[in-house]
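> The structure is given below, and queries will be raised subsequently.
The values are calculated or read from the model by the stated rules, or taken from the named source; none is laboratory data. Remember, it's a predicted structure, so these values are computed and weren't measured experimentally. All Cβ positions, even for glycine, are placed from backbone atoms using ideal geometry, and neighbour counts span all protein chains on display.
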Amino acid sequence: MKNTSFFRAACMLAFFTPLCSIAQTTVTGPIFTDGPGYRRWSVGVNGGLLAAVAPTGGSNDFTKWKAQVGYGAYVKWQILHSLGIRADYVGGKLAGNNDRKLGNEKEPNRSLDQFETKLKWSGSLNAVVNVATINWMYRKNAIQIYLSGGAGLANYSPKISATPGDNLVDYKKNGSITEFYVPIGAGLKFKLSEAVNLDLGYTMHYLDGDNLDGFNYGPNKDKYSYGYAGLEFPLGPRNKAQLNWQNPAKVMYDELATQKANLQRELETSHAENVRLSADVNKLLADADGDGVSDYFDKCPGTASGSKVDGSGCELPKVETKPPAPTQVIITDEDRRIVKNAIQNLEFETGKSSIKPSSYASLDRLAEMLKTRGFSLKLGGHTDNVGNATKNMALSKDRAESVKQYLVNQGANPSRIEAVGYGSTQPIASNKTKAGKQKNRRVEFTIY
């Protein structure tokens, strides 16, 4: 029995885990929780009939059950609109006998004739889920259909009789019995007012034992059911609504509709403001005489087209300027020697545009000369006719650009250096010999 109790407790833990997860992931905000804006706590009292039978489990160990008076109470905390946690108490009496013969004159192997069990108390913790509401498109509902399920303990004392007419005797001499049970129920709730709700429900209780009726007959465990009618009283100020009667879908719809209307008004106001600003901008940008100064600020309207004006739109005084006399550039023998030395020492990596370090010194002297003398330089890259002509053209251009970039990095003016690639189109020697090909692979330096 203890192993079975552990199994049922594990089942109930699995049942409550997703509900707890829902509670922990509550969306914050006025639509779903609204903090103190709703009433969450309520208490309820009810009365009805107890019977040692359950529709999904059948009767217990006697052939006939008798409906007896039961009573109950509960405290409930509403977590969400559709989910609450409820602590239930149920008490009363259960009874039954073997008057129903099941088609036989003799009772089928039943040694006892009747029982009567006092349900001293039963307490359970249940999750209550609103599965359907009436008037779904209204913010506040008036009728709810709900399901409940949980776990609890029941304390009871059975009395039994072996033959008809005998006095009932205690099944257990040393006191009452306490067993674990699982309650599964459903109900229908009506909102009568903000102060009271009508609650109609039916709950089946599945015990973890076969001693509720004082008789161990067959493999099935005992169960009992409770059908009731009661009143529920929400706690808190009446000016606050009950959370479980609010329809979050309709509330959200109304909130979104209000937001949409507010946004539409803001857009209309913004459009009118944009039109006004657009007119002001056009007024500021108007320039009738085309002098670049807005008419709003132009103190000299009607300026002739093409005239240079100041910030107020008035024409500036004309100043006649003479072009500077051309500077004569004289190329000396020393300049030519530096260029020649740079050409002779220029070497590239085979098939690449990378300059070898051995060429740096002569290129540095050339860069210094370009900076101090103010010369312009044209670089012409050339290759032999080995390989693809398009690739040769690109390689010659890249080598000329590589030399230009090196000179610029050393301080030469990039605007005074031109790099051109000619590929194999301008050979200075025959490409049929190795020496001729070597001469054709070159970069020509022309200063001016």
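> Going residue by residue through region 395-407, is there one that turns out to be under 22 Å from residue 333 (Cα atoms) and in the same structural domain as residue 347 (by TED's automatic domain parsing)?
Within region 395-407 (the criterion being under 22 Å from residue 333 (Cα atoms) and in the same structural domain as residue 347 (by TED's automatic domain parsing)), the answer is yes, since at least one residue qualifies.
> What's the total number of residues in region 55-71 that are touching a Leu at 6+ places or on another chain (Cβ under 6 Å) and buried (at least 19 other Cβ atoms within 10 Å of the Cβ)?
Adding up the residues that qualify gives 2.
> Moving on. Just for region 342-370: of the residues that are among the aliphatic types (A, V, I, L, M) and outside any helix (DSSP H, G or I), which one is nearest to residue 332 (Cα to Cα)?
Top of the filtered list is 346.
> Further question: Can you confirm whether residue 233 is more than 30 Å from residue 128 (Cα to Cα) and in contact (Cβ under 8 Å) with a residue 24 or more places away in the chain?
no
> If you don't mind, another one. If a residue counts only when it is closer than 21 Å to residue 145 by Cα, which strands (runs of 3 or more DSSP E) contained entirely in region 34-82 have at least 1 such residues?
It comes to 41-51, 68-78.
> Restricting the search to region 259-283, which residues are within 30 Å of residue 298 (Cα to Cα) and among the basic types (Lys, Arg)?
Across region 259-283, the qualifying residues are 276, 283.
> While we're looking at this one, here's another question. Going by the structure shown, is residue 425 assigned to a loop (DSSP other than H, G, I, E, B), farther than 21 Å from residue 344 by Cβ and at pLDDT 85 or above?
Yes; evaluated as a whole, the condition is true for this residue.
> While we're on this one: Assigned by TED's automatic domain parsing to the domain that holds residue 50 and surrounded by 21 or more Cβ atoms within 10 Å (Cβ to Cβ) - does that describe any residue in region 185-194?
yes
> Then there is this: Restricting attention to region 209-235, report how many residues are buried (at least 21 other Cβ atoms within 10 Å of the Cβ), acidic (Asp, Glu) and under 25 Å from residue 111 (Cβ atoms).
Total satisfying the criteria: 2.
> For region 374-407, which residues satisfy the criterion of being more than 20 Å from residue 437 (Cβ to Cβ) and free of Cβ contacts under 8 Å to residues at least 40 places away in the same chain?
404, 405
> Considering only residues of region 76-97 that are small (Gly, Ala, Ser) and in contact with a Lys or Arg (Cβ under 9 Å, 6 or more places away or on another chain), which is surrounded by the fewest Cβ atoms within 10 Å (Cβ to Cβ)?
If we take residues in region 76-97 being small (Gly, Ala, Ser) and in contact with a Lys or Arg (Cβ under 9 Å, 6 or more places away or on another chain), then 87 is surrounded by the fewest Cβ atoms within 10 Å (Cβ to Cβ).
> Where residues in region 384-414 are in a helix (DSSP H, G or I) and over 56 Å from the mean Cα position of the chain (by Cα), which of them is farthest from residue 356 (Cα to Cα)?
The qualifying residue farthest from residue 356 (Cα to Cα) is 389.
> Identify, by number, the condition in (1) over 23 Å from residue 334 (Cα atoms); (2) surrounded by fewer than 18 Cβ atoms within 10 Å (Cβ to Cβ); (3) touching a Pro at 6+ places or on another chain (Cβ under 9 Å) that residue 382 doesn't meet.
Result: residue 382 fails condition (2) only.
> May I pose another question? Need a quick list: strands (runs of 3 or more DSSP E) entirely within region 137-243 having at least 1 residues that are among the β-branched types (Val, Ile, Thr) and closer than 25 Å to residue 79 by Cα.
Result: 143-161, 177-191, 197-207.
> How about region 146-163: which of its residues are surrounded by fewer than 14 Cβ atoms within 10 Å (Cβ to Cβ) and either modelled with pLDDT of 95 or more or farther than 23 Å from residue 224 by Cβ (or both)?
153, 163
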